[in-house]
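These notes are about the structure you will find just below.
Any read-out appearing in this document is the output of simple, stated calculations on the displayed coordinates, not a laboratory observation. Given the structure is predicted, the values throughout are model-derived calculations rather than measurements. Every residue, glycine among them, receives a Cβ derived from its backbone with ideal geometry; neighbour counts consider all protein chains shown.
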Amino acid sequence: MRESLLEGMLAGPSGKRNIQPMTSTEDIRRLLLDLAHDLGDGRHMAIAGEGNVSGKLDDHHFLIKASGTRMSTLKPEELVGVDARPLLAALEGGKDLADEEIERLLLEVRTDPDALKPSVESLFHAWLLTLPGIRIIGHVHAIAVNQVLCSPRKRDFAVRRVIPDQVVYCGVESVLIPYVDPGFTLARHMAREVETFRKRTGVLPKIILLENHGIIALGAQHTEVIAALAMAEKAARIFVGAATLGGPVFMDEFEVYRIAGRTDEHYRQRMLERHLPRSDHADPAD
Ligand SMILES: [Zn+2]
């Protein structure tokens with residue numbers, strides 16, 4: 001039987017479903033600590049207060065890294081429970097909030113009034129966690145990715161692919177967001193761009209690139225998020241190196257869709273539609 005679109009999106013590189021039920025807040029807290037430590041300490045993708053991680057607890061609540069805390073040494077109490085509803089209502093409201101109003105809102109949405117203040121990037125996390133099948137978000141300011149995102153070649157990096165594993169772990173293309181003020185403006189912009197991408201491609205992005213800022217990966221599992229971020233950083237290093245040699249020479253679009261189609265029925269379908277020989281389009285009466 002044909003896999004549903006959602007199942008296809010959530011399938012791992014092997015094509016198998018890799019969703020495990022995440023049962024308790026403590027399970028998710030543990031996964032997020034592993035993710036933060038791996039990204040911060042293991043992979044040096046965030047230093048000082050850079051980057052953040054979040055995980056969905058239920059339809060209305062999520063855990064997110066507290067403002068100003070370090071990914072590499074993140075502690076359990078530095079992951080704050082947040083009610084997403086007031087954040088989403090403010091985003092949908094269309095009214096721009098002043099910095100002090102945002103500060104107040106971030107303190108109000110804590111599920112524990114004694115908890116630390118959640119990251120100002122809670123706004124975009126709240127929105128991304130409403131997307132179907134998305135449970136874990138990782139955001140970092142990785143060096144090689146930022147080398148490209150601070151260069152005139154950023155769009156090439158977002159829409160073209162250099163190696164097959166980049167297709168598998170990062171998708172056939174990524175969303176690219178122009179530099180805008182972090183906080184409300186960024187979250188609103190992101191919602192618009194992700195919806196446009198979703199309408200155009202039929203799938204959710206695995207990677208969102210923020211010009212002059214960093215990278216976000218979204219997935220059902222923390223392992224999926226680590227793999228996407230690590231592969232994007234590797235692809236960016238290859239891209240930068242190849243650019244110094246007059247490249248990169250990008251993968252052919254047909255090959256990109258062929259690889260994506262191995263793990264995702266939707267991409268298989270798009271590849272067939274895009275690359276059907278002309279004769280197959282011909283009127284049978286001809
Ligand atoms: Zn950031």
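Quick notes
- Across region 27-167, C-alpha contacts under 8 Å between residues 6 or more apart give a mean separation that, scaled by the residue count, equals a relative contact order of 26 percent.
- Here the gap between A242 and T111, fully extended at 0.36 nm per residue and compared with their Cα-Cα distance, gives a gain of 42.4 nm.
- Net charge of Cβ neighbours under 11 Å - reference E224; Lys, Arg +1; Asp, Glu -1: +2
- Counting neighbouring beta carbons within 10 Å and listing from fewest to most, the residues S54, S122 come out as S122, S54.
- Ordered by the count of other Cβ atoms within 10 Å of each Cβ, fewest first, K199, K234 give K199, K234.
- Using a cutoff of 8 angstrom between alpha carbon atoms and counting only pairs six or more residues apart, the relative contact order for region 5-277 works out to 21 percent.
- Linear extension gain, H44 paired with E103, 0.36 nm per residue minus alpha-carbon span: 18.4 nm
- The HN-Hα couplings worked out from phi for region 199-215 by the Karplus form 6.51 cos²θ - 1.76 cosθ + 1.60 (θ = phi - 60°) are 5, 6, 9, x, 10, 7, x, 8, 10, 10, 9, 10, 3, 6, 8, x, 9 Hz, whole numbers, x standing for Gly and Pro.
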